[in-house]
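The values are calculated or read from the model by the stated rules, or taken from the named source; none is laboratory data. These figures come from a predicted structure and were not determined experimentally. Neighbour counts are summed over all protein chains in view; Cβ atoms, including those assigned to glycine, are modelled from backbone coordinates with ideal geometry.
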């Protein structure tokens, strides 16, 4: 159990130990030593809400020593055991200040939020679910942490003796919590119930969704399960309902590219394709483009898989593969609904590509995405889908290719003198300073906070159309576009490095993707 001889930085942490009539142990502390393994087992919000601090664990006896503000209210030993997997032994202090400073210093660096501010609702239902069990509290903690950290995905991963929760933040996965395996089945079942997934089926991958409310904001969680040798893994993609979104001037387009994109949007017909790998921000760009249009004076219809943002004055349709309602069949139906603008979430096959191109040729503006690495590769991809060259040349108005790079954290940002090889890579003779993030509490000690897009924009001109009709290939078309003044993804990223918005390391990572 808790030892009075424990030391922290060479000083005794316990001044005195006493018991009350109920045999509850009180201690007077000056300095506190914390076992990092114990600190990982209780979330910071939980410790701060109930003013407790995990001190050390005994793996043989399966006990955890916990320093607690007296009296302990609204939480039971059973609740704590459910979360951490150990029997708690309480040591009381009379002043909460003795614990609170150490919670901030030693536990996971996340902001505190009262559970009473959080609601979880099963998708499609109106009644909120009461916070009446440890499993519910733990799931709410995970969800809130994800929102608080601005994560795009939650990973709940089972291993032999524990399971861990990781968050994808700014494109990078970070570990959040590690829990004893004892609470795993209850957590998985809780999420599956909320997502309307069959909790008895553990052999097959399954999909579901739920709605989550926090701070008067609504979030849509798309849930995917996958059976593994240690149990089901769950990945949750997070979307904010009714997101305000950035304007076209804020997403990172350089002035020349911005003017070309605005020119695209002034056209009454033609297809605009946004290209890039998964997670590069294509859907966000599509929504941004839609917002620039006259929403009230046009019939704008989207077909998506799934709808990621709810937008006013726009008809939005979800693909439903289970009943055969895919992009192609949905697009055919939309064309009978007198549309002015059609947004197709993704061009995945030749049938969808051909219908979208015909719509663009026959007087509709079409916006869509496709998975390729740069602008010129889109044309090769369309040809591979058996779209005729004359249709591409006639219907394609422009292509936007993009990536996301991490922004330097403004709080810990510093300037430094670039090294010779960095100057050579940037191709600028006189550059005296670049920027980087040192890492701080605000950015999770990564040096980055948020992301910004880098873009290349290809306007389809007469020379491009000639090359397409002759099937000259992506290398020729790319060279032609650069000759005509197209800013490449690499040069777009260099511009952000020079401006001190991102780092040379981020440019290396992005350029590797491009190549």
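General observations
- Within the range 200-209, considering residues that are without any contact (Cβ under 8 Å) to a residue 24 or more places away in the chain and surrounded by 13 or more Cβ atoms within 10 Å (Cβ to Cβ), the one nearest to residue 224 (Cα to Cα): 206
- Scanning the range 433-446 for residues that are farther than 22 Å from residue 490 by Cβ and surrounded by fewer than 20 Cβ atoms within 10 Å (Cβ to Cβ) gives 438, 439, 440, 441, 442, 445, 446.
- Condition check for residue 380: free of Cβ contacts under 8 Å to residues at least 60 places away in the same chain and not assigned by the TED database to the domain that holds residue 221: no
- Applying the set (1) touching a residue at least 40 places away in the same chain (Cβ under 8 Å); (2) touching a strand residue (DSSP E or B) at 6+ places or on another chain (Cβ under 8 Å); (3) surrounded by 15 or more Cβ atoms within 10 Å (Cβ to Cβ) to residue 263 leaves exactly one unmet item: (3).
- Answer from 295, 289, 367, 331 - the residue that is out of contact with any strand residue (DSSP E or B) (no Cβ under 8 Å at 6 or more places or on another chain) and either touching a residue at least 24 places away in the same chain (Cβ under 8 Å) or not in a helix (DSSP H, G or I) (or both): 295
- Taken over the range 477-507, the residue count meeting the criterion of being within 28 Å of residue 388 (Cβ to Cβ) and in contact (Cβ under 8 Å) with a residue 12 or more places away in the chain is 6.
- Taking the criterion of being buried (at least 18 other Cβ atoms within 10 Å of the Cβ) and either assigned to a loop (DSSP other than H, G, I, E, B) or without any contact (Cβ under 8 Å) to a residue 60 or more places away in the chain (or both), the only residue of the range 172-185 that qualifies is 184.
- Going through (1) within 28 Å of residue 443 (Cβ to Cβ); (2) surrounded by 15 or more Cβ atoms within 10 Å (Cβ to Cβ) one by one, residue 216 falls short only on (2).
- Among the numbered conditions (1) assigned by the TED database to the domain that holds residue 370; (2) within 23 Å of the chain's Cα centre (by Cα); (3) surrounded by 17 or more Cβ atoms within 10 Å (Cβ to Cβ), the only one that residue 278 does not meet is (3).
- Only one of the numbered conditions (1) assigned to a helix (DSSP H, G or I); (2) within 15 Å of residue 233 (Cα to Cα) is not met by residue 202, and that is (1).
Here's the yes/no breakdown for (1) outside any helix (DSSP H, G or I); (2) touching a residue at least 12 places away in the same chain (Cβ under 8 Å); (3) in contact with a helix residue (DSSP H, G or I) (Cβ under 9 Å, 6 or more places away or on another chain); (4) more than 19 Å from residue 168 (Cβ to Cβ):
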position	(1), (2), (3), (4)
235	yes, yes, no, no
239	yes, yes, no, no
247	yes, yes, yes, yes
279	yes, yes, no, no
284	no, yes, no, no
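- Test: residue in the range 446-461 that is within 23 Å of the chain's Cα centre (by Cα), in contact (Cβ under 8 Å) with a residue 60 or more places away in the chain, over 22 Å from residue 253 (Cβ atoms) and not in a helix (DSSP H, G or I): yes
- Complete set of residues in the range 482-500 that are crowded, with 17+ Cβ neighbours inside 10 Å and within 19 Å of residue 460 (Cβ to Cβ): 486, 487, 488, 489
- Matching residues, the range 475-501, being part of a loop (DSSP other than H, G, I, E, B), out of contact with any strand residue (DSSP E or B) (no Cβ under 7 Å at 6 or more places or on another chain) and over 19 Å from residue 431 (Cβ atoms): 484, 485
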